[in-house]
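Reviewing the structure listed below.
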Amino acid sequence: MLRLAIVAFVLSACGPASGGNGGDDDGGGSSDGGAGGDGGNSGNDAGADLDGGRGGDGDGGGHDGSNGGMDAPSGVISGGPCLSGATGATAYRIRWAGNGSGSTAYPVYEVNGFPVKTGDHAGAYGYQIGYTPVFEDVFLAQGGLRLDGSNFVDLELTTIGIASISTATLALYGRSFNTTASGSFNWQSWDGTGSTPTNFVSNSAPYEWYPADMTTEISPGDDGVRIRIKAGPSSGSLIVHRIELCLQAS
């Protein structure tokens with residue numbers, strides 16, 4: 001009781017929080033492209049191990065209105081069919097956008113089909129201070145985030161409300177950003193790691209979907225899911241236009 005009284009006193013002394021986010025509203029009630037961070041790299045070291053950090057520089061972007069509150073029945077993935085053609089329904093999908101070649105890339109949140117839709121976040125982070133996500137490849141195709149040895153993508157999600165996951169597919173839409181070699185990508189979460197085969201991602205346009213099984217790397221009922229996506233080992237440079245997570249779950 002004494003602790004509660006002290007907290008109440010401190011809160012009343014501080015007054016109401018002033019607010020506003022850094023991004024421009026896009027009509028959906030949330031920001032769309034306000035970059036955050038102070039030049040850090042999400043608290044990650046050069047090995048890109050998950051350490052619970054969430055900062056980082058230049059993740060650029062916010063929700064565009066597609067992620068509301070808890071409006072889906074518990075245990076139901078409500079995102080509709082997967083664009084990648086993977087089995088199940090769309091649990092999560094983002095698109096990387098920019099304002100021309102060489103501009104800052106930022107995520108546009110297209111679908112959140114999880115039962116609990118709050119607390120999700122997507123960002124691109126660098127291993128060096130001062131990193132800015134780069135949007136490239138607009139002359140051959142739609143363009144996307146350049147994912148290479150200098151950076152990685154983090155997805156923060158919650159699977160609360162899901163009792164079991166029978167299949168989980170992580171799919172990237174884009175191409176290898178290497179004129180002479182195909183590419184690949186890998187991922188890690190609190191539950192494990194995975195990787196696509198060598199030369200899995202073609203270096204030719206137009207872009208294609210590249211789905212990979214990550215069923216053992218995501219758990220149901222987890223309020224702190226983190227999926228880190230990196231390029232490699234073959235062709236350590238990719239252009240990523242979309243990232244999609246498809247689940248068969250109950």
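The values are calculated or read from the model by the stated rules, or taken from the named source; none is laboratory data. Fair warning: this is a prediction, and the values are worked out from it, not measured in the lab. Glycine also receives a Cβ, built like all others from the backbone with ideal geometry; neighbour counts cover every protein chain displayed. The area values use the complete protein model at the heavy-atom level, side chains included, leaving out ligands, DNA and RNA. Shrake-Rupley method; radii C 1.70, N 1.55, O 1.52, S 1.80 Å.
Rounded to the nearest 0.05, what FRET efficiency do GLU156 and SER204 give with R0 = 25 Å and r taken as the Cβ-Cβ distance? Could you check?
It comes to 0.15.
Below 10 angstrom from the Cβ of THR90, what's the summed charge of the other residues (Lys, Arg +1; Asp, Glu -1)?
Net local charge, THR90 excluded: -1.
From the mean inverse distance of alpha carbon pairs (Kirkwood) and the Cα radius of gyration, derive Rg over Rh for the range 166-250.
Result: Rg/Rh = 1.00.
SER101: accessible area at probe 1.4 Å, nearest 10 Å²?
70 Å²
Under a Cβ-Cβ cut-off of 12 Å, what is the net charge of the residues other than GLY102 that fall near it, where Lys and Arg count +1 and Asp and Glu count -1?
Result for the neighbourhood of GLY102: -1.
Find out how many positive minus negative residues lie around ARG175, taking Lys and Arg as positive, Asp and Glu as negative, among other residues whose Cβ is under 10 Å from that of ARG175.
-2
Quick check: residue separation of THR193 and THR179 times 0.36 nm, minus the Cα distance between them. What number comes out in nm?
Gain on extension, THR193 to THR179, equals 2.2 nm.
Radius of gyration and Dmax for the range 165-215's Cα atoms, expressed in Å?
Answer for the range 165-215, Rg first and Dmax second: 12.0, 38 Å.
Using a simple spin-label model with points 7 Å from Cα along the Cα→Cβ vector, what separation in nm is obtained for LEU140 and SER101?
Result: 1.1 nm between the two label points.
Within 10 Å, count the other beta carbons around each residue, average over each peptide in 113-126, 215-228, 80-93, and list them highest first.
Most protected by this proxy first, the peptides run 113-126, 80-93, 215-228.
Output the Kirkwood hydrodynamic radius of the range 99-250, Cα pairs only, in Å rounded to one decimal.
Final number for the Kirkwood radius of the range 99-250 is 15.8 Å.
Considering the zone a paramagnetic label at ALA163 would reach in this model (a point 7 Å from Cα along the Cα-to-Cβ line), which residues of the range 76-115 have amide N under 13 Å from it?
So the set is 76.
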